[in-house]
1. Given the structure, is Val4 surrounded by 10 or more Cβ atoms within 10 Å (Cβ to Cβ), over 26 Å from Leu113 (Cα atoms) and either among the aliphatic types (A, V, I, L, M) or without any contact (Cβ under 8 Å) to a residue 24 or more places away in the chain (or both)?
2. Mind listing just one residue for me: the one in segment 31-73 that is modelled with pLDDT of 95 or more and within 18 Å of Ser9 (Cα to Cα) and, of those, surrounded by the most Cβ atoms within 10 Å (Cβ to Cβ)?
3. Mind counting the residues in segment 19-51 that are touching a helix residue (DSSP H, G or I) at 6+ places or on another chain (Cβ under 6 Å) and either farther than 14 Å from Ile7 by Cβ or in a helix (DSSP H, G or I) (or both)?
4. Of all residues in segment 15-53, how many are under 14 Å from His77 (Cα atoms) and either of a type in the set (Gly, Ala, Ser) or in contact (Cβ under 8 Å) with a residue 40 or more places away in the chain (or both)?
5. Take the residues in segment 74-119 that are of a type in the set (Lys, Arg) and within 19 Å of Lys2 (Cβ to Cβ); name whichever of them is most open to solvent (accessible area, probe 1.4 Å).
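The values are calculated or read from the model by the stated rules, or taken from the named source; none is laboratory data. Just so you know, these numbers come straight off a predicted model, no measurement behind them. Methodologically, a virtual Cβ is constructed for each residue, glycine included, from the backbone with ideal geometry; neighbour enumeration extends over all protein chains shown. Only protein heavy atoms, including side chains, enter the accessible area calculation; ligands, DNA and RNA are left aside. Shrake-Rupley method; radii C 1.70, N 1.55, O 1.52, S 1.80 Å.
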Amino acid sequence: MKYVILIHSNPAAWDALTEAQKVEVGRRHLALTDDLAASGELIVTEALADPSMTRHVMVRDGRTVAGDGPFAEVKEHLAGFYLVDCDSMDRALSHAARLAPYGEIEVRPVMDLRAVLDV
């Protein structure tokens with residue numbers, strides 16, 4: 001089963017960390033990435049650019065429109081993700097827990113759209 005581990009970041013909380021704590025966050029990510037690769041569970045992991053670089057796409061009256069907003073007024077943003085293939089939600093949660101000391105981590109099953117639509 002595939003799961004996405006979503007890493008939420010609060011810039012104010014990040015800025016409040018010491019340099020040593022920031023290095024520890026990086027080490028946790030590198031260690032988790034190495035362990036997931038070694039176990040064969042890692043599909044992909046990526047950090048995401050700052051939300052200020054985001055573009056939104058929508059279709060209005062048959063025309064595609066891309067813009068900078070609207071932005072939700074939130075303190076946290078999606079900072080990165082791991083896509084993993086694990087035997088269970090519990091296994092995915094155990095991986096996510098390794099990142100949780102410095103932020104909120106969300107684990108969500110990936111849906112197989114073909115199975116859901118029965119096509």
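1. On the way: surrounded by 10 or more Cβ atoms within 10 Å (Cβ to Cβ): yes; over 26 Å from Leu113 (Cα atoms): no; either among the aliphatic types (A, V, I, L, M) or without any contact (Cβ under 8 Å) to a residue 24 or more places away in the chain (or both): yes.
It is false that Val4 is surrounded by 10 or more Cβ atoms within 10 Å (Cβ to Cβ), over 26 Å from Leu113 (Cα atoms) and either among the aliphatic types (A, V, I, L, M) or without any contact (Cβ under 8 Å) to a residue 24 or more places away in the chain (or both).
2. Leu32
3. Quick first cut of segment 19-51, residues touching a helix residue (DSSP H, G or I) at 6+ places or on another chain (Cβ under 6 Å) only: 25, 42, 45.
Cutting the leftovers down to either farther than 14 Å from Ile7 by Cβ or in a helix (DSSP H, G or I) (or both) gives us 25, 42.
Qualifying residue count, segment 19-51: 2.
4. 3
5. The initial filter retains those residues of segment 74-119 that are of a type in the set (Lys, Arg), namely 75, 91, 98, 108, 114.
Still in the running and within 19 Å of Lys2 (Cβ to Cβ): 91, 98, 108, 114.
Details: Arg91: 100, Arg98: 76, Arg108: 121, Arg114: 162 Å².
Among residues in segment 74-119 that are of a type in the set (Lys, Arg) and within 19 Å of Lys2 (Cβ to Cβ), the one most open to solvent (accessible area, probe 1.4 Å) is Arg114.
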